[in-house]
Amino acid sequence: MKSQQFIDLENKLGAHNYHPLDVVVEKAEGVWVYDVDGKKYMDCLSAYSAVNQGHRHPKIFNAMVEQAQKVTLTSRAFRNDQLPRLYEKLNKMTGYDKFLPMNTGAEAVETAIKTARKWAYLNKNLPENSAEIIVATDNFHGRTTTIVSFSTDPDAYENYGPFTPGFIIAKYGDIADFKAKINNNTAAIMIEPIQGEAGIVAPPKGFLQDVAKLCKDNNILFICDEIQSGLGRSGKLFAHYYEDVRPDVVIVGKALGGGFYPVSGILADSAILDVFQPGTHGSTFGGNPLAAAIAVASLEVIEEENLAQKSFEQGNYFVEKLKALNIPYFKEVRGAGLWIGLELNTKARPFTEALKEEGVLAKETHVHTIRFAPPLVITKEEIDWAIEKINKVFTTIKPVE
Ligand SMILES: *Cc1c(COP(=O)(O)O)cnc(C)c1O
């Protein structure tokens, strides 16, 4: 048992800002990961949707190795030959004029916030320091001090103040509340089209359309955080496609790096992204040639392997099979594509720990919900395998109160 030594070391020497399942992963391929003791598990989290393409996808792997043999980092002080390829790919795939590259999701969210504020000062003549952005209850947009300033989760914000002003919270899914929070200083509304960390919570049908219209009518920007929901996870390329809306700004990250590398950024049209002038925003690593080469390959895999459509079909299959189990502890099965929230009427942790023992790695989010979000390359046979394990766990493990 090598695992325990790694666990002890980590507990002793690392900050305890996570409560991981005690599985020490050493290798991975596709939907499968292997621990240091050689045990095999199915990854049903996909690193919070950063590995939609499956672990170590060969095409992305090759793009990374090839690029690493040429040049990896130039900084934006110079140009490189890979970033324009990424711009072109994203433009073709999404229809947005332009892209502004960053690295992590939180940086891209910060970039969207800066974009919205600057756009509002330049276009709406707001008084200095007055811009407001309306966000939703139970949002998750990352961990920076500004972003946790508008979290409604005490774990995320407590003891991290003073907080960044300029954010107004409205009830997710309640269009009347969003409307009531708009005033002359409003620059943008920023939401997740489906809330991932909140437990795969979709708003009422029509909400995204209503938000889009509200933004248009009031000349404010509609910012959609698709970092987790996007790039095929929800069963469409972007979750906002379900309601046929076109946000002014789309934030992407996670699967844009194919699980190999942090790549993020924001998509928008020129009229918006052109608010930036040289020197007004930047990132040392953002848009580096290694990141760009990896991102292009990651996007090509999503397209070539039809991963959004696969997610849609396999997700429906997974949900049907879960519902058919008829487990009394299941309160609700929610899902969009292979992004499934299983809400229990009891605590989730004992079940995620038992699932791990059976070889299924799924993580609880908050106390009562288990998220099943395997890589989008999963097959029906592999889903059947997981369902069998899930059934076994939920028919043998007793809940704890
Ligand atoms: C993960 C996530 C982020 C933050 O991304 P990081 O890369 O962890 O900074 C932001 N928004 C959403 C919706 C996310 O799921």
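Read-outs throughout are calculated quantities, based only on the coordinates presented, and are distinct from any laboratory measurement. These figures come from a predicted structure and were not determined experimentally. Here the Cβ positions follow ideal geometry from the backbone for every residue, glycine too, while neighbour counts run over all protein chains shown.
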What does segment 228-283 give for Rg and for Dmax, in Å, if only its C-alpha atoms count?
13.3, 38
Just tell me which lysines come within less than 17 Å, Cα to Cα, of Lys114; anything on the same chain fewer than 8 places away is out.
Lys98, Lys124
In nm, to one decimal, how far is the Thr145 label point from the Lys40 one, both placed 7 Å along Cα→Cβ?
4.9
Taking Lys70 as the anchor, which lysines have their alpha carbon closer than 18 Å to its alpha carbon, excluding any fewer than eight residues away along the same chain?
Lys59
Based solely on its DSSP helices, what 222 nm [θ] is calculated for the chain when runs of n ≥ 4 H residues each add -39,500 (n - 2.57) and the sum is averaged over all residues, nearest 500 deg cm²/dmol?
-11000 deg cm²/dmol
Need one number: nm distance between label points at Ala15 and Glu353, each 7 Å from Cα along Cα→Cβ, rounded to one decimal.
2.6
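What's the longest bit of the chain with no exposed chymotrypsin sites (Phe, Trp or Tyr not before Pro), using DSSP loop states and at most 11 other Cβ atoms within 10 Å as the test?
79-401
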Between the Cα axis of helix 83-94 and the main Cα principal axis of the chain, the angle (0 to 90°, nearest 10) is 80
Sorted by Cβ neighbour density within 10 Å, fewest at the top, the residues Leu21, Leu231, Leu13:
Leu13, Leu21, Leu231
Cα axis of helix 3-13 to longest principal axis of the chain: angle in degrees, 0 to 90, nearest 10?
40
Charge dipole of the chain about the Cα centre (unit charges at C-beta), most positive-ward option of Trp385, Ile189, Ala120
Ala120
To make sure I understand the rule: partners must be lysines, Cα under 24 Å from the Cα of Lys392, and not fewer than 8 residues away in the same chain. Which ones qualify?
Lys39, Lys40, Lys321, Lys323, Lys331, Lys347, Lys356, Lys363, Lys380
The chain: antiparallel DSSP beta bridges as a percent of all, rounded to 5
65
Between segment 143-170 and segment 250-274, what is the C-alpha centre distance in whole Å?
23
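Might you report the magnitude of the Cβ-based charge dipole of segment 33-92 about its Cα centre, with Lys and Arg at +1 and Asp and Glu at -1, to the nearest 20 debye?
Computed charge dipole of segment 33-92: roughly 280 debye.
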Using a simple charge model, +1 on the beta-carbon of Lys and Arg, -1 on the beta-carbon of Asp and Glu, nothing else, what dipole does segment 269-401 show about its Cα centre, in debye to the nearest 20?
700
Order of Met64, Met93, Met102 from fewest to most other C-beta atoms within 10 Å?
Met93, Met64, Met102
Charges on Cβ only, +1 for Lys and Arg, -1 for Asp and Glu, centred on the Cα centroid of segment 58-304; of Ile175, Pro101, Asn139, which one is farthest towards the dipole's positive end?
Pro101
For Cα pairs less than 8 Å apart in space and 6+ apart in sequence, what is the mean separation divided by the residue count of segment 58-304, i.e. the relative contact order in percent?
32
Binned at 10 Å from 0, what are the whole-percent values of the Cα-Cα distance distribution for the chain, short to long?
5, 22, 31, 27, 12, 3, 0
Given a Förster distance of 35 Å, the FRET efficiency implied by the Cβ-Cβ spacing of Asn326 and Glu88, rounded to the nearest 0.05, works out to 0.10
In degrees, nearest ten, helix 307-324 long axis to first principal axis of the chain (Cα)
50
Two-site FRET efficiency, Glu243 against Lys216, from Cβ-Cβ distance with R₀ of 25 Å, rounded to 0.05:
0.95
What residues qualify as long-range amide H neighbours of Lys331, i.e. H under 5 Å apart, gap of 5 or more or another chain, H built at 1.01 Å from N?
Glu343, Leu344, Asn345
Anisotropy class of segment 1-147 from Cα gyration tensor, a/c 1.5 cut:
oblate
Identify which of Pro247, Pro278, Pro154 has the largest mean-square fluctuation in a Gaussian network model of the chain, with springs joining Cα atoms closer than 10 Å.
Pro278
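Quote the charge dipole size of the chain about the Cα centre in Debye, to the nearest 20; the model charges only the Cβ of Lys and Arg (+1) and of Asp and Glu (-1).
Working: 43 positive and 50 negative charges, 67 e Å.
Once rounded to the nearest 20, the dipole reads 320 debye.
At a Förster radius of 35 Å, what calculated FRET efficiency corresponds to the Cβ-Cβ distance of Ser270 and Lys205, to the nearest 0.05? Intermediate results must be reported in sequence, preceding the final value.
Values: r = 32 Å, r/R0 = 0.92.
It comes out at approximately 0.65.
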